[in-house]
Amino acid sequence: MRVAIEAHHISKRFFLGERNQQTFFEDVWSSTVTGVQRLLQPRRLSLVENSRRGFWALRDVSFQLYQGQTLALIGENGAGKSTLLKILSRITQPTTGKAKVFGRLASLLEVGAGFHPEFSGRDNIYLNGTMLGFSKKEIRQKFDEIVDFSGIERFIDVPVKNYSSGMYIRLAFSVAANLSPEIVILDEVIAVGDAAFKKKCFERMDTLIKQGHTAILVNHETANVRRMSQFCLWLRHGQVKMFGPTSEVVPQYEQETSAGPEDAQRTPELAQTT
Amino acid sequence: MSAPELNVARPSYVVEPGKLLHSHPKDLWAYRELFLLLVKRDFVAAYKQTALGPFWFFVQPFIASLAFLVVFSQIARLSTTDLPPLVFYMSGIIVWNFFSNCVSQVAYTFLLNAPVFRKIYFPRLIMPFSQIGTNVLNFIPQLAVLFVVIGFYEFSGRGIDLSPRLLVLPLVLGLMALLALGLGCLIAAATVKYRDLTIVVGYMLNLWMYGSLVICPRSAVPANLSWLVTLNPMASFVECYRSSLFGTEHAQAGPLLIAIAITLVVATVGIACFKRAERTFTDTI
(Lines give C-alpha, C1' and ligand atoms only; values in the text may rest on other atoms or scores of the structure.)
Protein backbone atom coordinates (compact mmCIF):
# COMPACT_ATOMS: atom_id res chain seq x y z
CA MET A 1 0.00 0.00 0.00
CA ARG A 2 1.12 3.47 -0.73
CA VAL A 3 1.19 6.31 1.73
CA ALA A 4 -1.16 9.22 1.15
CA ILE A 5 -0.43 11.42 4.14
CA GLU A 6 2.38 11.28 6.63
CA ALA A 7 2.21 13.58 9.65
CA HIS A 8 5.23 13.75 11.91
CA HIS A 9 4.96 15.40 15.31
CA ILE A 10 2.88 18.34 14.18
CA SER A 11 2.42 21.13 16.70
CA LYS A 12 0.80 24.47 16.25
CA ARG A 13 0.94 27.40 18.60
CA PHE A 14 -1.26 30.46 18.38
CA PHE A 15 -0.63 33.70 20.19
CA LEU A 16 -3.78 34.87 21.79
CA GLY A 17 -4.46 38.49 20.95
CA GLU A 18 -0.94 39.48 21.75
CA ARG A 19 0.43 40.34 18.37
CA ASN A 20 -1.28 42.39 15.73
CA GLN A 21 -3.76 43.96 18.06
CA GLN A 22 -1.77 47.11 18.64
CA THR A 23 -1.46 50.30 16.67
CA PHE A 24 1.83 51.30 15.14
CA PHE A 25 2.65 53.70 17.98
CA GLU A 26 1.86 51.12 20.64
CA ASP A 27 4.17 48.71 18.86
CA VAL A 28 6.95 51.28 18.72
CA TRP A 29 6.46 52.02 22.43
CA SER A 30 6.35 48.41 23.57
CA SER A 31 9.35 47.40 21.47
CA THR A 32 11.28 50.37 22.88
CA VAL A 33 10.38 49.29 26.38
CA THR A 34 11.46 45.69 25.79
CA GLY A 35 14.58 46.95 24.04
CA VAL A 36 15.56 49.00 27.09
CA GLN A 37 14.75 46.07 29.34
CA ARG A 38 16.92 43.85 27.22
CA LEU A 39 19.81 46.26 27.61
CA LEU A 40 19.38 46.60 31.35
CA GLN A 41 18.50 43.06 32.30
CA PRO A 42 19.41 40.59 29.57
CA ARG A 43 18.71 37.67 31.88
CA ARG A 44 15.17 38.50 32.84
CA LEU A 45 13.98 39.02 29.34
CA SER A 46 14.29 35.42 28.33
CA LEU A 47 11.83 34.69 31.09
CA VAL A 48 9.42 37.25 29.72
CA GLU A 49 9.63 35.76 26.25
CA ASN A 50 9.05 32.25 27.45
CA SER A 51 5.98 33.23 29.36
CA ARG A 52 4.30 34.89 26.39
CA ARG A 53 0.85 33.50 26.31
CA GLY A 54 1.07 30.91 23.61
CA PHE A 55 -1.77 28.53 23.06
CA TRP A 56 -0.96 25.13 21.68
CA ALA A 57 -3.80 24.17 19.38
CA LEU A 58 -1.96 21.00 18.38
CA ARG A 59 0.78 19.12 20.15
CA ASP A 60 2.88 16.38 18.68
CA VAL A 61 0.30 14.90 16.36
CA SER A 62 1.58 12.05 14.22
CA PHE A 63 -0.28 9.63 12.01
CA GLN A 64 -0.02 7.89 8.71
CA LEU A 65 -2.76 7.35 6.21
CA TYR A 66 -2.51 5.03 3.23
CA GLN A 67 -4.17 5.50 -0.11
CA GLY A 68 -7.77 4.46 -0.16
CA GLN A 69 -8.18 4.75 3.58
CA THR A 70 -10.62 7.03 5.27
CA LEU A 71 -9.77 8.80 8.46
CA ALA A 72 -12.26 10.48 10.76
CA LEU A 73 -11.14 13.19 13.14
CA ILE A 74 -13.13 13.13 16.33
CA GLY A 75 -12.96 15.15 19.49
CA GLU A 76 -14.81 17.94 21.19
CA ASN A 77 -14.89 21.54 19.97
CA GLY A 78 -11.49 23.16 20.24
CA ALA A 79 -9.62 19.87 20.18
CA GLY A 80 -7.63 21.01 17.14
CA LYS A 81 -9.43 19.15 14.37
CA SER A 82 -9.86 22.15 12.07
CA THR A 83 -6.33 23.35 12.75
CA LEU A 84 -4.99 19.98 11.67
CA LEU A 85 -7.03 20.09 8.47
CA LYS A 86 -5.78 23.61 7.75
CA ILE A 87 -2.19 22.55 8.18
CA LEU A 88 -2.62 19.54 5.88
CA SER A 89 -4.28 21.69 3.24
CA ARG A 90 -1.56 24.36 3.35
CA ILE A 91 -3.74 27.13 4.74
CA THR A 92 -1.53 27.61 7.76
CA GLN A 93 1.89 26.36 8.77
CA PRO A 94 2.74 24.14 11.70
CA THR A 95 4.94 25.60 14.43
CA THR A 96 6.98 22.42 14.54
CA GLY A 97 6.73 19.09 12.79
CA LYS A 98 6.19 18.14 9.22
CA ALA A 99 3.57 16.60 6.97
CA LYS A 100 4.02 14.96 3.61
CA VAL A 101 1.10 14.76 1.24
CA PHE A 102 1.20 12.39 -1.73
CA GLY A 103 -1.29 13.26 -4.43
CA ARG A 104 -3.63 16.10 -5.14
CA LEU A 105 -5.57 17.22 -2.15
CA ALA A 106 -8.77 19.22 -2.31
CA SER A 107 -10.19 20.48 0.91
CA LEU A 108 -13.72 21.53 1.56
CA LEU A 109 -13.20 23.52 4.71
CA GLU A 110 -16.12 25.69 3.82
CA VAL A 111 -18.52 25.34 0.95
CA GLY A 112 -18.51 28.06 -1.61
CA ALA A 113 -15.28 29.73 -0.59
CA GLY A 114 -14.08 31.61 -3.63
CA PHE A 115 -17.47 31.87 -5.29
CA HIS A 116 -18.13 35.25 -6.81
CA PRO A 117 -21.72 36.45 -6.26
CA GLU A 118 -21.98 38.33 -9.56
CA PHE A 119 -21.07 35.31 -11.63
CA SER A 120 -23.26 32.54 -12.89
CA GLY A 121 -23.15 29.04 -11.51
CA ARG A 122 -21.34 28.00 -14.67
CA ASP A 123 -18.54 30.55 -14.26
CA ASN A 124 -18.23 29.77 -10.58
CA ILE A 125 -17.77 26.06 -11.27
CA TYR A 126 -14.73 26.95 -13.35
CA LEU A 127 -13.45 29.57 -10.92
CA ASN A 128 -13.82 27.32 -7.89
CA GLY A 129 -12.47 24.30 -9.73
CA THR A 130 -9.31 26.08 -10.85
CA MET A 131 -8.81 27.43 -7.33
CA LEU A 132 -8.94 23.88 -6.07
CA GLY A 133 -6.14 23.09 -8.50
CA PHE A 134 -7.92 21.49 -11.43
CA SER A 135 -7.42 22.41 -15.05
CA LYS A 136 -10.20 23.83 -17.17
CA LYS A 137 -10.09 20.70 -19.28
CA GLU A 138 -10.68 18.45 -16.28
CA ILE A 139 -13.55 20.66 -15.16
CA ARG A 140 -15.10 20.62 -18.61
CA GLN A 141 -15.04 16.83 -18.61
CA LYS A 142 -16.84 16.67 -15.29
CA PHE A 143 -19.07 19.67 -15.89
CA ASP A 144 -22.28 17.76 -16.62
CA GLU A 145 -21.79 15.50 -13.64
CA ILE A 146 -21.31 18.50 -11.39
CA VAL A 147 -24.45 20.18 -12.63
CA ASP A 148 -26.48 16.96 -12.51
CA PHE A 149 -25.39 16.24 -9.01
CA SER A 150 -26.22 19.71 -7.73
CA GLY A 151 -29.67 19.52 -9.29
CA ILE A 152 -29.72 23.16 -10.38
CA GLU A 153 -29.56 22.77 -14.17
CA ARG A 154 -32.21 25.41 -14.67
CA PHE A 155 -30.28 28.07 -12.80
CA ILE A 156 -26.79 27.33 -14.01
CA ASP A 157 -26.57 30.62 -15.91
CA VAL A 158 -28.06 32.74 -13.14
CA PRO A 159 -25.67 34.76 -10.91
CA VAL A 160 -25.11 32.83 -7.70
CA LYS A 161 -26.07 35.86 -5.63
CA ASN A 162 -29.64 35.04 -6.59
CA TYR A 163 -29.34 31.45 -5.42
CA SER A 164 -30.97 30.24 -2.25
CA SER A 165 -28.46 29.18 0.36
CA GLY A 166 -29.38 25.56 -0.29
CA MET A 167 -28.67 25.85 -4.00
CA TYR A 168 -25.40 27.60 -3.29
CA ILE A 169 -24.21 24.89 -0.94
CA ARG A 170 -25.29 22.11 -3.28
CA LEU A 171 -23.37 23.59 -6.17
CA ALA A 172 -20.27 24.18 -4.06
CA PHE A 173 -20.29 20.67 -2.68
CA SER A 174 -20.74 19.06 -6.03
CA VAL A 175 -17.78 20.96 -7.52
CA ALA A 176 -15.36 19.50 -5.01
CA ALA A 177 -16.99 16.09 -4.77
CA ASN A 178 -17.20 15.45 -8.50
CA LEU A 179 -13.79 16.66 -9.52
CA SER A 180 -12.46 13.67 -7.59
CA PRO A 181 -9.10 14.66 -6.19
CA GLU A 182 -6.92 11.86 -4.87
CA ILE A 183 -7.33 13.10 -1.31
CA VAL A 184 -10.50 14.76 -0.06
CA ILE A 185 -10.75 16.71 3.16
CA LEU A 186 -14.20 17.47 4.48
CA ASP A 187 -14.89 19.61 7.50
CA GLU A 188 -18.45 18.76 8.43
CA VAL A 189 -19.78 20.22 5.23
CA ILE A 190 -21.58 17.00 4.54
CA ALA A 191 -24.09 18.04 7.14
CA VAL A 192 -25.66 20.53 4.75
CA GLY A 193 -28.74 20.73 2.62
CA ASP A 194 -32.00 18.87 3.02
CA ALA A 195 -32.30 15.20 3.91
CA ALA A 196 -32.33 14.09 0.27
CA PHE A 197 -29.21 16.01 -0.61
CA LYS A 198 -27.46 14.86 2.53
CA LYS A 199 -28.15 11.28 1.54
CA LYS A 200 -26.77 11.99 -1.91
CA CYS A 201 -23.62 13.46 -0.38
CA PHE A 202 -23.06 10.41 1.76
CA GLU A 203 -23.55 8.15 -1.23
CA ARG A 204 -21.10 10.23 -3.19
CA MET A 205 -18.55 9.97 -0.40
CA ASP A 206 -19.10 6.24 -0.30
CA THR A 207 -18.39 5.89 -4.01
CA LEU A 208 -15.30 8.07 -3.73
CA ILE A 209 -14.02 5.85 -0.97
CA LYS A 210 -14.88 2.71 -2.90
CA GLN A 211 -13.01 4.03 -5.90
CA GLY A 212 -9.91 4.25 -3.80
CA HIS A 213 -9.83 7.91 -2.91
CA THR A 214 -8.31 8.88 0.37
CA ALA A 215 -10.46 10.97 2.67
CA ILE A 216 -10.22 12.81 5.94
CA LEU A 217 -13.49 13.76 7.55
CA VAL A 218 -14.51 15.70 10.59
CA ASN A 219 -17.78 14.48 11.92
CA HIS A 220 -19.48 14.63 15.25
CA GLU A 221 -22.00 11.90 14.67
CA THR A 222 -20.41 8.61 15.57
CA ALA A 223 -22.96 6.74 13.47
CA ASN A 224 -21.56 8.42 10.36
CA VAL A 225 -18.03 7.90 11.51
CA ARG A 226 -18.62 4.18 11.87
CA ARG A 227 -20.20 3.88 8.50
CA MET A 228 -17.72 5.94 6.52
CA SER A 229 -14.28 5.61 7.95
CA GLN A 230 -11.97 2.77 8.77
CA PHE A 231 -9.69 4.81 10.99
CA CYS A 232 -10.17 7.36 13.68
CA LEU A 233 -7.91 10.00 15.13
CA TRP A 234 -9.25 11.16 18.46
CA LEU A 235 -7.92 14.55 19.49
CA ARG A 236 -8.19 16.04 22.92
CA HIS A 237 -6.74 19.46 23.79
CA GLY A 238 -4.60 19.28 20.68
CA GLN A 239 -3.06 15.94 21.52
CA VAL A 240 -3.71 12.50 20.11
CA LYS A 241 -5.86 10.68 22.60
CA MET A 242 -6.19 7.61 20.46
CA PHE A 243 -5.46 6.57 16.91
CA GLY A 244 -6.57 3.31 15.38
CA PRO A 245 -9.35 1.42 13.64
CA THR A 246 -12.79 2.95 14.09
CA SER A 247 -14.09 -0.19 15.77
CA GLU A 248 -11.63 0.35 18.61
CA VAL A 249 -11.63 4.11 18.95
CA VAL A 250 -15.31 4.96 18.64
CA PRO A 251 -16.61 2.78 21.51
CA GLN A 252 -14.05 4.33 23.85
CA TYR A 253 -14.92 7.78 22.62
CA GLU A 254 -18.63 7.21 23.04
CA GLN A 255 -18.11 5.85 26.49
CA GLU A 256 -16.09 8.81 27.57
CA THR A 257 -18.20 11.52 26.01
CA SER A 258 -21.45 10.15 27.36
CA ALA A 259 -20.23 9.64 30.92
CA GLY A 260 -17.03 11.68 31.12
CA PRO A 261 -16.71 14.23 33.91
CA GLU A 262 -15.93 16.96 31.46
CA ASP A 263 -19.08 16.36 29.56
CA ALA A 264 -21.20 16.42 32.68
CA GLN A 265 -19.89 19.86 33.46
CA ARG A 266 -20.34 21.06 29.98
CA THR A 267 -23.93 20.12 29.35
CA PRO A 268 -25.74 22.62 31.61
CA GLU A 269 -23.57 25.39 30.28
CA LEU A 270 -24.54 24.53 26.74
CA ALA A 271 -28.16 24.34 27.63
CA GLN A 272 -28.04 27.88 28.88
CA THR A 273 -26.27 29.38 25.93
CA THR A 274 -28.27 27.77 23.19
CA MET B 1 -14.56 6.78 -13.30
CA SER B 2 -11.61 4.77 -12.24
CA ALA B 3 -9.55 4.85 -9.10
CA PRO B 4 -7.01 7.66 -9.17
CA GLU B 5 -3.66 6.52 -10.37
CA LEU B 6 -0.69 8.10 -8.86
CA ASN B 7 2.97 8.28 -9.13
CA VAL B 8 3.83 8.69 -5.49
CA ALA B 9 7.57 8.35 -5.45
CA ARG B 10 7.78 11.87 -4.10
CA PRO B 11 5.31 13.82 -2.01
CA SER B 12 3.22 16.35 -3.91
CA TYR B 13 4.03 18.79 -1.19
CA VAL B 14 5.55 18.97 2.26
CA VAL B 15 4.20 21.15 5.01
CA GLU B 16 6.96 22.43 7.27
CA PRO B 17 7.45 25.43 9.51
CA GLY B 18 9.47 28.26 8.06
CA LYS B 19 9.49 26.84 4.57
CA LEU B 20 8.30 29.12 1.82
CA LEU B 21 5.61 26.79 0.66
CA HIS B 22 3.62 29.29 -1.27
CA SER B 23 4.05 30.84 -4.68
CA HIS B 24 6.92 28.92 -6.18
CA PRO B 25 7.31 29.93 -9.81
CA LYS B 26 6.42 26.38 -10.86
CA ASP B 27 3.34 26.49 -8.68
CA LEU B 28 2.31 29.82 -10.17
CA TRP B 29 2.55 28.40 -13.65
CA ALA B 30 0.40 25.44 -12.66
CA TYR B 31 -2.33 27.86 -11.68
CA ARG B 32 -2.18 29.97 -14.85
CA GLU B 33 -5.77 29.14 -15.74
CA LEU B 34 -6.90 30.50 -12.41
CA PHE B 35 -4.98 33.68 -13.23
CA LEU B 36 -6.88 34.09 -16.49
CA LEU B 37 -10.24 33.42 -14.86
CA LEU B 38 -9.53 35.94 -12.12
CA VAL B 39 -8.56 38.58 -14.66
CA LYS B 40 -11.78 37.91 -16.49
CA ARG B 41 -13.74 37.94 -13.24
CA ASP B 42 -12.44 41.32 -12.12
CA PHE B 43 -12.71 42.85 -15.56
CA VAL B 44 -16.33 41.80 -15.99
CA ALA B 45 -17.41 42.25 -12.37
CA ALA B 46 -16.30 45.88 -12.25
CA TYR B 47 -19.01 46.87 -14.68
CA LYS B 48 -21.90 44.69 -13.62
CA GLN B 49 -24.82 46.67 -12.28
CA THR B 50 -23.38 50.05 -13.23
CA ALA B 51 -25.21 52.65 -15.31
CA LEU B 52 -22.51 53.31 -17.88
CA GLY B 53 -20.77 49.97 -17.80
CA PRO B 54 -17.57 49.90 -19.87
CA PHE B 55 -18.17 53.49 -20.93
CA TRP B 56 -16.41 54.49 -17.77
CA PHE B 57 -13.20 53.58 -19.56
CA PHE B 58 -13.80 56.50 -21.85
CA VAL B 59 -15.66 58.96 -19.66
CA GLN B 60 -13.36 59.03 -16.67
CA PRO B 61 -10.12 60.13 -18.37
CA PHE B 62 -12.00 62.78 -20.32
CA ILE B 63 -13.50 64.36 -17.23
CA ALA B 64 -10.19 64.31 -15.37
CA SER B 65 -8.32 65.73 -18.36
CA LEU B 66 -10.81 68.57 -18.72
CA ALA B 67 -10.41 69.44 -15.04
CA PHE B 68 -6.63 69.48 -15.41
CA LEU B 69 -6.96 71.53 -18.57
CA VAL B 70 -8.82 74.25 -16.69
CA VAL B 71 -6.72 74.22 -13.52
CA PHE B 72 -3.18 73.65 -14.72
CA SER B 73 -3.23 74.92 -18.26
CA GLN B 74 -5.72 77.79 -18.15
CA ILE B 75 -5.31 79.03 -14.58
CA ALA B 76 -1.80 78.00 -13.56
CA ARG B 77 -0.45 78.31 -17.11
CA LEU B 78 1.86 75.34 -16.85
CA SER B 79 3.68 74.30 -19.99
CA THR B 80 2.62 71.15 -21.79
CA THR B 81 5.55 71.15 -24.23
CA ASP B 82 4.42 71.23 -27.84
CA LEU B 83 1.46 68.99 -27.17
CA PRO B 84 -2.09 70.20 -27.01
CA PRO B 85 -2.90 70.31 -23.27
CA LEU B 86 -5.75 67.84 -23.62
CA VAL B 87 -3.47 65.20 -25.12
CA PHE B 88 -0.75 65.92 -22.61
CA TYR B 89 -3.03 65.54 -19.60
CA MET B 90 -5.00 62.64 -20.92
CA SER B 91 -1.92 60.60 -21.71
CA GLY B 92 -0.61 61.33 -18.22
CA ILE B 93 -3.87 60.58 -16.46
CA ILE B 94 -4.53 57.22 -18.05
CA VAL B 95 -1.05 55.95 -17.34
CA TRP B 96 -1.08 57.29 -13.80
CA ASN B 97 -4.46 55.67 -13.17
CA PHE B 98 -3.07 52.41 -14.45
CA PHE B 99 -0.17 52.62 -12.02
CA SER B 100 -2.10 53.83 -9.01
CA ASN B 101 -4.94 51.33 -9.47
CA CYS B 102 -2.39 48.55 -9.68
CA VAL B 103 -0.71 49.65 -6.46
CA SER B 104 -3.87 50.18 -4.46
CA GLN B 105 -5.58 47.00 -5.64
CA VAL B 106 -2.56 44.83 -5.00
CA ALA B 107 -2.24 46.44 -1.57
CA TYR B 108 -5.69 45.10 -0.67
CA THR B 109 -4.80 41.49 -1.54
CA PHE B 110 -4.80 40.12 1.99
CA LEU B 111 -7.58 42.30 3.37
CA LEU B 112 -10.06 41.49 0.60
CA ASN B 113 -9.16 37.86 0.04
CA ALA B 114 -8.80 36.76 3.63
CA PRO B 115 -12.01 34.67 3.60
CA VAL B 116 -10.85 32.72 0.53
CA PHE B 117 -7.26 32.46 1.68
CA ARG B 118 -8.43 30.91 4.92
CA LYS B 119 -10.30 28.14 3.15
CA ILE B 120 -8.53 27.25 -0.08
CA TYR B 121 -4.88 26.92 -0.88
CA PHE B 122 -3.52 28.34 -4.09
CA PRO B 123 -0.37 30.39 -4.69
CA ARG B 124 -1.31 33.73 -3.19
CA LEU B 125 0.77 35.69 -5.68
CA ILE B 126 -1.82 34.74 -8.30
CA MET B 127 -4.05 37.45 -6.83
CA PRO B 128 -1.64 40.41 -7.29
CA PHE B 129 -0.72 39.15 -10.74
CA SER B 130 -4.36 38.97 -11.75
CA GLN B 131 -4.97 42.51 -10.48
CA ILE B 132 -2.14 43.76 -12.68
CA GLY B 133 -3.59 41.77 -15.58
CA THR B 134 -7.01 43.33 -15.10
CA ASN B 135 -5.52 46.80 -15.07
CA VAL B 136 -3.61 46.12 -18.27
CA LEU B 137 -6.92 45.13 -19.83
CA ASN B 138 -8.50 48.33 -18.55
CA PHE B 139 -5.65 50.42 -19.87
CA ILE B 140 -5.80 49.21 -23.45
CA PRO B 141 -9.20 50.78 -24.34
CA GLN B 142 -8.13 54.01 -22.67
CA LEU B 143 -5.02 54.09 -24.80
CA ALA B 144 -7.27 53.52 -27.80
CA VAL B 145 -9.32 56.56 -26.83
CA LEU B 146 -6.12 58.57 -26.55
CA PHE B 147 -5.23 57.54 -30.08
CA VAL B 148 -8.65 58.67 -31.26
CA VAL B 149 -8.08 62.07 -29.67
CA ILE B 150 -4.63 62.24 -31.24
CA GLY B 151 -6.20 61.31 -34.57
CA PHE B 152 -8.61 64.19 -34.17
CA TYR B 153 -5.73 66.62 -33.72
CA GLU B 154 -3.96 65.14 -36.73
CA PHE B 155 -7.08 65.63 -38.74
CA SER B 156 -7.39 69.27 -37.79
CA GLY B 157 -3.85 69.87 -38.94
CA ARG B 158 -2.11 70.22 -35.58
CA GLY B 159 -0.01 67.17 -36.16
CA ILE B 160 1.33 64.99 -33.42
CA ASP B 161 4.17 62.74 -34.32
CA LEU B 162 3.57 59.02 -33.81
CA SER B 163 6.71 57.06 -34.53
CA PRO B 164 8.41 53.65 -34.24
CA ARG B 165 9.49 54.77 -30.78
CA LEU B 166 6.09 53.37 -29.87
CA LEU B 167 7.76 49.98 -29.54
CA VAL B 168 9.30 51.19 -26.29
CA LEU B 169 5.81 51.66 -24.86
CA PRO B 170 5.16 48.06 -23.73
CA LEU B 171 8.56 48.03 -22.07
CA VAL B 172 7.82 51.18 -20.08
CA LEU B 173 4.40 49.88 -19.10
CA GLY B 174 6.00 46.62 -18.01
CA LEU B 175 8.40 48.53 -15.76
CA MET B 176 5.53 50.53 -14.28
CA ALA B 177 3.59 47.33 -13.65
CA LEU B 178 6.61 45.75 -11.98
CA LEU B 179 7.07 48.78 -9.73
CA ALA B 180 3.37 48.73 -8.88
CA LEU B 181 3.47 45.01 -8.17
CA GLY B 182 6.45 45.34 -5.85
CA LEU B 183 5.08 48.34 -4.03
CA GLY B 184 1.60 46.84 -3.76
CA CYS B 185 3.00 43.57 -2.41
CA LEU B 186 5.07 45.47 0.13
CA ILE B 187 2.02 47.36 1.35
CA ALA B 188 -0.14 44.22 1.27
CA ALA B 189 2.38 42.49 3.52
CA ALA B 190 2.31 45.44 5.90
CA THR B 191 -1.51 45.52 6.00
CA VAL B 192 -1.42 42.14 7.69
CA LYS B 193 -0.16 44.03 10.72
CA TYR B 194 -1.60 47.50 10.20
CA ARG B 195 -4.88 47.39 8.39
CA ASP B 196 -5.36 51.15 7.98
CA LEU B 197 -2.25 51.46 5.88
CA THR B 198 -4.31 51.33 2.71
CA ILE B 199 -5.88 54.69 3.58
CA VAL B 200 -2.45 56.31 3.82
CA VAL B 201 -1.57 54.71 0.52
CA GLY B 202 -4.53 56.41 -1.13
CA TYR B 203 -3.30 59.83 -0.01
CA MET B 204 0.29 59.10 -0.92
CA LEU B 205 -0.66 58.05 -4.43
CA ASN B 206 -2.59 61.29 -4.90
CA LEU B 207 0.37 63.38 -3.81
CA TRP B 208 2.82 61.26 -5.72
CA MET B 209 1.09 62.05 -8.98
CA TYR B 210 2.05 65.73 -8.74
CA GLY B 211 5.72 64.81 -8.59
CA SER B 212 5.53 62.38 -11.46
CA LEU B 213 5.43 64.70 -14.46
CA VAL B 214 1.78 63.90 -15.08
CA ILE B 215 0.72 67.55 -15.05
CA CYS B 216 3.85 69.20 -16.36
CA PRO B 217 7.04 68.26 -18.24
CA ARG B 218 10.42 68.07 -16.52
CA SER B 219 11.35 71.43 -18.00
CA ALA B 220 8.61 73.09 -15.95
CA VAL B 221 9.83 71.72 -12.64
CA PRO B 222 11.54 74.38 -10.48
CA ALA B 223 15.28 73.80 -10.15
CA ASN B 224 15.20 73.40 -6.38
CA LEU B 225 12.76 70.49 -6.69
CA SER B 226 14.37 68.71 -9.61
CA TRP B 227 16.23 66.21 -7.38
CA LEU B 228 12.84 64.98 -6.20
CA VAL B 229 11.77 64.27 -9.74
CA THR B 230 15.11 62.65 -10.52
CA LEU B 231 14.73 60.21 -7.67
CA ASN B 232 11.10 59.48 -8.49
CA PRO B 233 11.00 56.40 -10.71
CA MET B 234 7.50 57.18 -11.90
CA ALA B 235 8.59 60.58 -13.20
CA SER B 236 11.13 58.92 -15.46
CA PHE B 237 8.67 56.28 -16.57
CA VAL B 238 5.94 58.80 -17.37
CA GLU B 239 8.43 60.89 -19.29
CA CYS B 240 9.68 57.87 -21.15
CA TYR B 241 6.12 56.81 -21.91
CA ARG B 242 5.23 60.21 -23.35
CA SER B 243 8.40 60.34 -25.36
CA SER B 244 7.60 56.92 -26.80
CA LEU B 245 4.18 58.22 -27.80
CA PHE B 246 5.03 61.69 -29.05
CA GLY B 247 8.77 62.20 -29.02
CA THR B 248 8.31 65.66 -27.50
CA GLU B 249 10.16 64.97 -24.27
CA HIS B 250 13.41 63.13 -24.11
CA ALA B 251 13.88 60.74 -21.24
CA GLN B 252 17.27 61.24 -19.62
CA ALA B 253 19.45 58.20 -19.21
CA GLY B 254 20.58 58.93 -15.64
CA PRO B 255 17.16 59.22 -13.99
CA LEU B 256 15.88 56.32 -16.09
CA LEU B 257 18.64 54.03 -14.82
CA ILE B 258 17.90 55.12 -11.25
CA ALA B 259 14.24 54.39 -11.87
CA ILE B 260 14.95 50.90 -13.21
CA ALA B 261 17.24 50.13 -10.29
CA ILE B 262 14.64 51.30 -7.77
CA THR B 263 11.98 49.23 -9.55
CA LEU B 264 14.05 46.06 -9.38
CA VAL B 265 14.83 46.57 -5.71
CA VAL B 266 11.22 47.37 -4.80
CA ALA B 267 9.91 44.39 -6.75
CA THR B 268 12.36 41.96 -5.14
CA VAL B 269 11.80 43.24 -1.62
CA GLY B 270 8.05 43.54 -2.11
CA ILE B 271 7.58 39.99 -3.37
CA ALA B 272 9.85 38.63 -0.63
CA CYS B 273 7.80 40.41 2.03
CA PHE B 274 4.59 39.20 0.43
CA LYS B 275 5.79 35.62 0.56
CA ARG B 276 6.73 36.04 4.18
CA ALA B 277 3.34 37.48 5.00
CA GLU B 278 1.41 34.73 3.23
CA ARG B 279 2.93 32.16 5.54
CA THR B 280 1.61 33.74 8.68
CA PHE B 281 -1.30 35.94 7.83
CA THR B 282 -4.05 33.35 8.34
CA ASP B 283 -3.09 33.32 11.99
CA THR B 284 -3.19 37.07 12.36
CA ILE B 285 -5.80 38.80 10.19
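The values are calculated or read from the model by the stated rules, or taken from the named source; none is laboratory data. Keep in mind that what you see is a predicted model, and the values were worked out from it rather than measured. Cβ atoms come from the backbone with ideal geometry, glycine included; neighbour counts cover every protein chain shown. Ligands, DNA and RNA are stripped out before the accessible areas are found, and what is left, the full protein with its side chains, is counted by its heavy atoms. Shrake-Rupley method; radii C 1.70, N 1.55, O 1.52, S 1.80 Å.
Things to note:
- Positive-pole candidate from A:H213, A:S31, A:F231, dipole of the protein assembly as shown, charges at beta carbon: A:S31
- Spatial separation of Cα centroids for the stretch A:103-141 and the stretch A:208-237, in angstrom: 24
- C-alpha long axis of helix B:168-191 to longest principal axis of chain B, angle in °: 50
- Counting only other chain Cβ atoms within 10 Å of each residue's Cβ, the peptide A:132-139 averages 3.
- Formal net charge of residues neighbouring A:F63 (Cβ-Cβ distance under 14 Å; K, R +1; D, E -1): +3
- Value at 222 nm in deg cm²/dmol, rounded to 500, when DSSP H runs of n ≥ 4 in chain B each add -39,500 (n - 2.57): -21000 deg cm²/dmol
- Most to least packed among A:226-233, B:77-84 [average Cβ atoms within 10 Å]: A:226-233, B:77-84
- Taking 20 °C and 1.002 mPa s as conditions, the stretch A:130-189 diffuses translationally at an estimated 176 µm²/s according to Stokes-Einstein applied to its Kirkwood radius (Cα pairs).
- Among B:131-138, B:67-74, the peptide with the highest mean count of other Cβ atoms within 10 Å heads the list, and the full ranking is B:131-138, B:67-74.
- Nearest 10 degrees, 0 to 90: helix B:32-45 Cα axis against chain B principal axis: 50
- Averaged over peptide A:86-94, the number of partner chain Cβ atoms lying within 10 Å of each residue's Cβ comes to 6.
- Helix B:85-107 vs. chain B, principal-axis angle (Cα, 0 to 90°, nearest 10): 20
- Packing-based order for B:254-266, A:75-87, using average beta carbon neighbours within 10 Å, highest first: A:75-87, B:254-266
- All lysines inside 19 Å of A:K136 as judged from Cα atoms, apart from same-chain residues fewer than 8 positions distant: B:K26, B:K40
- Shielding of peptide A:111-124 by partners, expressed as the average count of other chain Cβ atoms within 10 Å per residue Cβ, is 3.
- Every Cα-Cα pair in the stretch A:156-242 was counted, and those over 23 Å apart are 30% of them.
- Largest first, the residues A:E254, B:E239, B:E154 sort by 1.4 Å accessible area into B:E154, A:E254, B:E239.
- Hits among lysines - C-alpha to C-alpha of A:K199 under 27 Å, sequence gap 8 or more where chains match: A:K81, A:K86, A:K142, A:K161, A:K210, B:K119
- FRET efficiency estimate (nearest 0.05) - Cβ-Cβ, B:F147 to A:A195, R0 56 angstrom: 0.35
- Förster radius 45 Å - calculated FRET efficiency between A:H8 and A:K136, Cβ distance, rounded to 0.05: 0.80
- Nearest-0.05 FRET efficiency for B:L166 and B:S226, computed from C-beta distance (R0 35 Å): 0.80
- Solvent exposure of B:C273, expressed as accessible area, is near 50 Å², computed with a probe of 1.4 Å over the protein chains only.
- As computed over the protein assembly as shown, the Cα convex hull volume per residue (Å³): 213
- Accessible surface buried once B binds A (1.4 Å probe; total of both sides; Å²): 4500
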